[in-house]
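See below for the structure under consideration.
Any read-out appearing in this document is the output of simple, stated calculations on the displayed coordinates, not a laboratory observation. Remember, it's a predicted structure, so these values are computed and weren't measured experimentally. Every residue, glycine among them, receives a Cβ derived from its backbone with ideal geometry; neighbour counts consider all protein chains shown.
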């Protein structure tokens with residue numbers, strides 16, 4: 001059996017994904033339509049990595065004296081371990097498609113690949129825990145949710161969709177990502193559903209107030225609102241109760257807002 005610290009396969013898959021994504025970015029700046037195939041290939045590589053990792057690492061013996069294998073539920077992990085990374089990667093491709101600066105594409109690809117690599121390692125490690133997801137993995141999911149929302153909201157704005165269509169789309173995206181965080185923490189329930197709806201409405205209203213601003217400021221501030229809600233949720237889910245712990249996300253958000261408004 002391979003050591004758990006061995007991540008040569010993750011590096012191999014990541015290199016292939018990087019090559020596919022860079023080619024996608026390059027192709028969008030040329031007359032060729034092959035970028036669609038490279039984008040599909042990147043998604044297939046992510047899916048293939050998960051299938052391989054799940055097959056090899058998701059089961060363990062119930063005891064050293066038994067040959068019975070206990071395996072993690074694929075249904076319970078599918079959304080967080082497969083659907084969310086695929087959504088993150090697809091949103092990255094969509095953002096790259098509408099972006100006109102190849103250098104910025106490369107920077108975003110580099111950052112996104114680091115997130116994917118860390119996610120691969122943490123998912124592989126979390127398979128050792130049958131009934132839980134490691135806290136480090138949750139943090140990576142949070143980063144991916146925030147990045148995904150930024151990419152998707154940016155694409156919606158750049159498509160030039162009228163406000164009565166763009167705001168419902170932003171609401172749906174934010175709700176799906178908020179609900180994914182609920183599923184990661186295993187807090188599903190009626191109250192969580194209502195909280196997700198209210199939080200999505202808050203993010204959508206923030207976007208509505210900024211609809212007349214430029215295509216760069218609106219996604220940035222909307223994502224800031226999304227980050228604020230997600231941070232408050234995570235503090236609550238962690239069982240923290242000190243006021244200062246809830247104030248920190250507000251302080252970070254205000255500082256980020258001042259920075260955005262002055263750019």
The FRET efficiency for residue 159 and residue 187, from their Cβ-Cβ distance with R0 = 30 Å and rounded to 0.05, is 0.35
Under the 7 Å Cα-to-Cβ spin-label approximation, residue 48 and residue 261 lie apart by a distance in nanometres of 5.0
In units of 2.2 N^0.38 Å, the Cα radius of gyration of the range 134-263 is 1.04
Normalised per residue, the volume inside the convex hull of the alpha-carbon atoms of the range 198-263 in Å³ amounts to 77
Label model pair residue 75, residue 30: point-to-point distance (7 angstrom along the Cα→beta-carbon line) in nm is 4.6
For the chain, the Debye formula with one identical point scatterer on each Cα and no solvent gives log10 I(q)/I(0) at q = 0.08, 0.11 Å⁻¹ as -0.36, -0.67
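So how much slack lies between residue 102 and residue 242, counting 0.36 nm per residue of separation and subtracting their Cα-Cα distance, in nm?
Length difference between fully extended and current span is 45.9 nm.
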Final fewest-first order of 138, 186, 158, 75 on the 10 Å Cβ neighbour count is 75, 186, 158, 138
One finds, for residue 19 and residue 194 with R0 = 30 angstrom and r their Cβ-Cβ distance, a FRET efficiency to the nearest 0.05 of 0.10
With only helices counted (DSSP H, runs n ≥ 4, each -39500 (n - 2.57)), the per-residue ellipticity at 222 nm for the chain, to the nearest 500, works out to -25500 deg cm²/dmol
Going from the fewest other Cβ atoms within 10 Å to the most, one would list 195, 217 as 217, 195
